[in-house]
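Report on the structure given below.
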Amino acid sequence: MSTPIRNTPTTRTPGACTSRRAFIRSGASLAAASAFVTRAGATEGPRARVVVVGGGFGGATAARTLKRWAPALEVTLIERDAAFISCPLSNLVLAGNARIADLTFGYQSLERLGIRVIRGEVMAIDASTRTVRLASGERLPYDRAIVSPGVEFDLAGIPGLQAPAALAAMPIAWKAGPETLRLRQHLEAMPDGGVFVMHIPQAPYRCPPGPYERACQVADYFTREKPRSKVIVLDANPDLVSKKALFMAAWNGPYKGMVEYRPNSELADVDGPARTVKLVFDDVPGGVVNVIPPQRAGAMAEASGLVTANRRWCGVDWLTMESVAVKGVHVLGDATLSASIMPKSATMANQHAKLAAAAIIDLLADRPVEPNPTLINTCYSFVDAVRAGHVATVHAYDATERTMSVVKGSGGLSREANATEGAHAWGWARNIWGEALG
Amino acid sequence: MMSVTSQCTPHRSSRGWPLLLALCALASSALADEASRARGLAANCTTCHGSDGRSVGEVPPSLAGRDRAALLQTLLDYRSGQRASMIMEQHARGYSDAQLALIADWFARLPVGSASAAPGVDSSASTGARQP
């Protein structure tokens, strides 16, 4: 920063260049810039149609941000569910430390902002005609489309989990909602002295620290209600994928003797009637079984030709979040092929959304996009009812590698989980929910 | 691009006008770029601090309307470690002086106001107050 931006209040008379000079001199400021933009009519933004597929942390935040930053845009959001249920904090529901109602929100604010919200299922995007095709048969034309479909579960390698009855007996609960409540019911029905067995797929998957937080939440519940019970964590990965020090401190501290962690646990199948996780070299029976399956971008991404990596994830241009495969379509959130050390997290989807919104407004106005975008990640995990810890990173665009890289020296873990960070975690949640649906 | 020094003084000679208009356009577009960059950087912060720097429940704190110099100094102190924090020092270390100044300026300019909480399903009331 060569010259600090001064904070001098300015009065402005419209029109002549001389007043503009006085204006620049007195302010040289961002407010001045905003005013220029206003005068040029650009804060109303370009007139164009943007269709957003998926009303989660990525899609809803993108739709809301687009409408707030460029009110002239015609923004349509298509979402399959009537309400939004937050995955972050939903592990607390398993332990009785939060209610699902606390995590459930409506889309009415978006409609009040002038966003058209359609409840429906998108089959695919047809880039050749620039239309979004719904299951109802309706086609919505767009100038730019945003796809934020989240993840879908890949059950191909887990035959025992494919029947609907199996999912009732062993809810996945990796998308918050009815399965979260069903898993809670199973835990409540389990007698003291029982075993909760969970399996974690190989990374990358949605919410890297989420499974370990889940183990802590179940252990918290057991400690209070069923102290002779055990938690067995079967991890396909060679070690904890995220926040290792934080979770180990809990497992070797308050939950010592209760939580058992087994790395390199390769899943073979699951046996529903026997409530047993079948590993390649071992069978692990439990009272309550929770297998989190491998994941990939939501089905409509594949149908739209957006999946470019390992038949799972969607590659994007990190300057715009535009698909590397399909022009005019931007992909956000968990469905993207993550850049290095970039987690599939709610914060990341929120950050993708705002980067994409800014880029889309520029592209529609024929302006160059920001050449050096920055994204951050913040993820909180609760180790009990009130104590949480975080992991944080700052990511900057690397023009040479054309990807996002972690800024050297930035980021880190909490030194310890504590109640102050627990309050921060709830504050983060209220604000990120507001960014999506406020 | 941190300051705009183009001066749009009208010249007596009419031959000066095309150049002048070009400079004005340049200044205008440079400032617009700067505003856009600041908005993009500030958008990094709003995930935790609330849209437009207005925090639902004030934890983490609102940033809208804060004194620019004080806000910038706080960010610089987080980055240097002079000011203790749980998470802010880790974020601040990811930004340059210029970026932190743009962020501080952006939030200082935003008006104080009520935060936008996500509404519950059955009412338009905020659900934010129900939890700790």
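The values are calculated or read from the model by the stated rules, or taken from the named source; none is laboratory data. None of these values were measured; they are calculated from a predicted model. Backbone-built Cβ (ideal geometry, glycine too); neighbour counts: all protein chains shown. Accessible surface areas use protein heavy atoms only, side chains included; no ligands, DNA or RNA. Shrake-Rupley method; radii C 1.70, N 1.55, O 1.52, S 1.80 Å.
Shielding by partners for A:62-73, please: the mean number of other protein chain Cβ atoms within 10 Å of each residue's Cβ.
Mean shielding count: 1.
What ³J(HN,Hα) values, in whole Hz, does the Karplus curve 6.51 cos²θ - 1.76 cosθ + 1.60 give for region B:110-120 when θ = phi - 60°, with x put for Gly and Pro?
7, x, 5, x, 7, 7, 9, 8, 5, x, x
Shielding by partners for B:76-87, please: the mean number of other protein chain Cβ atoms within 10 Å of each residue's Cβ.
Mean shielding count: 2.
Place the peptides A:338-348, A:94-104, A:209-219, B:80-90 in order of packing, highest mean first, counting for every residue the other Cβ atoms within 10 Å and averaging per peptide.
Descending packing order for the listed peptides: A:209-219, A:338-348, A:94-104, B:80-90.
Cα centroid distance between region A:312-391 and region A:131-170, in Å?
What the calculation gives is 21 Å, centre to centre.
Between beta-carbons, use under 12 Å as the cut-off and find the net charge around A:D317, counting Lys and Arg +1, Asp and Glu -1.
Spelling it out: positives minus negatives among the neighbours equals +1.
May I ask you to compute the full-extension gain from A:F281 to A:R119, defined as 0.36 nm times their residue separation minus their alpha-carbon distance, rounded to one decimal in nm? Numbers along the way, then the final one.
Numbers: separation 162, 0.36 × 162 = 58.32 nm, distance 4.55 nm.
Result for the pair: 53.8 nm of gain on full extension.
Might you report the magnitude of the Cβ-based charge dipole of region A:159-293 about its Cα centre, with Lys and Arg at +1 and Asp and Glu at -1, to the nearest 20 debye?
340
7 Å from Cα along Cα→Cβ at both A:R262 and B:S114: what's the point-to-point distance in nm?
In this crude spin-label approximation the distance works out to 5.4 nm.
For region B:30-72, list whatever residues lose no less than 50 Å² of accessible surface once every protein chain is in place, relative to that chain by itself, with the probe at 1.4 Å.
B:L31, B:R37, B:R39, B:N44, B:T47, B:C48, B:S51, B:V56, B:V59, B:R68
So what's the convex hull volume per residue for the Cα atoms of chain A, in Å³?
161
With an 8 Å Cα cut-off and a minimum separation of 6 or more residues, compute the relative contact order for region B:20-132 in percent.
Taking the mean separation of contacting Cα pairs over the length of region B:20-132, I get 28 percent.
Around A:D334, with a cut-off of 9 angstrom between Cβ atoms, what is the net charge of the other residues, counting Lys and Arg +1 and Asp and Glu -1?
+2
Need the list of aspartates and glutamates near A:K327 for cross-linking: C-alpha distance under 20 angstrom, and skip anything on the same chain fewer than eight residues off.
Qualifying aspartates and glutamates at Cα under 20 Å: A:E74, A:D126, A:D143, A:E302, A:D317, A:D362, A:D366, A:E370.
Sticking with the crude label model, points 7 Å out along Cα→Cβ, report the distance from A:T420 to A:A82 in nm, one decimal please.
4.3
Which of the pairs A:K67/A:K244; A:K175/A:K243; A:K175/A:K226; A:K230/A:K344; A:K230/A:K354; A:K244/A:K278 have their Cα atoms more than 31 Å apart in this structure?
A:K67/A:K244; A:K230/A:K354
Please give the charge dipole size of chain A, origin at the Cα centre, charges +1 on K and R Cβ atoms and -1 on D and E Cβ atoms. Round to the nearest 20 debye.
1520
Identify which of A:A353, A:A303, A:A176 has the largest mean-square fluctuation in a Gaussian network model of chain A, with springs joining Cα atoms closer than 10 Å.
A:A303
When the accessible area of region B:16-111 is split by element with a 1.4 Å probe, what percent falls to carbon and sulfur?
Numbers: 2240 of 3760 Å².
With neighbouring chains kept in place, the figure for region B:16-111 is 60 percent.
May I ask for the net charge around A:C207, where only other residues with Cβ less than 13 Å from the Cβ of A:C207 are counted and Lys, Arg are +1 while Asp, Glu are -1?
Once positives and negatives cancel, what remains is +3.
Run the paramagnetic zone check for B:S85: 7 angstrom along Cα to Cβ, then residues of region A:383-409 with backbone nitrogen under 18 Å.
A:389-396, A:407-409
Could you check how much of the accessible area of chain A is carbon and sulfur, as a whole percent, using a 1.4 Å probe?
53
Give me the accessible area per residue for the protein assembly as shown, probe 1.4 Å, as a whole number in Å².
Values: 22760 Å² over 570 residues.
I get 40 Å² per residue for the protein assembly as shown.
Could you sort A:I125, A:I85 by accessible area so the largest value comes first, with the probe set to 1.4 Å?
Largest accessible area first, the residues go A:I85, A:I125.
If you take the square roots of the eigenvalues of the alpha-carbon gyration tensor of region B:16-111 and sort them as a ≥ b ≥ c, do you get rounded (a/c under 1.5), prolate (a/b over b/c) or oblate?
Prolate, because a/c is 1.5 or more and a/b exceeds b/c.
Give me the extension gain from A:R311 to A:A168: residue separation times 0.36 nm, minus the current Cα-Cα distance, reported in nm with one decimal.
Once the chain is fully extended between A:R311 and A:A168, it gains 48.7 nm.
Considering every residue in B:109-118, what mean count of other chain Cβ atoms within 10 Å of its Cβ is obtained?
Mean partner-chain Cβ count within 10 Å for B:109-118: 5.
Set the Förster radius R0 to 30 Å, insert the Cβ-Cβ distance between A:E111 and B:D67 as r into 1/(1 + (r/R0)^6), and round the FRET efficiency to 0.05.
0.25
List the accessible area buried at the contact between B and A, summed over both sides and calculated with a 1.4 Å probe, in Å² to the nearest 100.
Working: alone 9190 and 19320 Å², together 22760 Å².
Buried area (both sides, nearest 100 Å²): 5800 Å².
How high is the relative contact order of chain A? Use alpha-carbon pairs under 8 Å, at least six apart in sequence, and give a whole percent.
This gives 17 percent for chain A.
Distance from the Cα centre of region B:68-124 to that of region A:53-86, in angstrom?
Spelled out, the Cα-based centre of one part sits 25 Å from the other.
Can you give the accessible area of A:T65 in Å² (nearest 10), computed on protein heavy atoms with a 1.4 Å probe?
10
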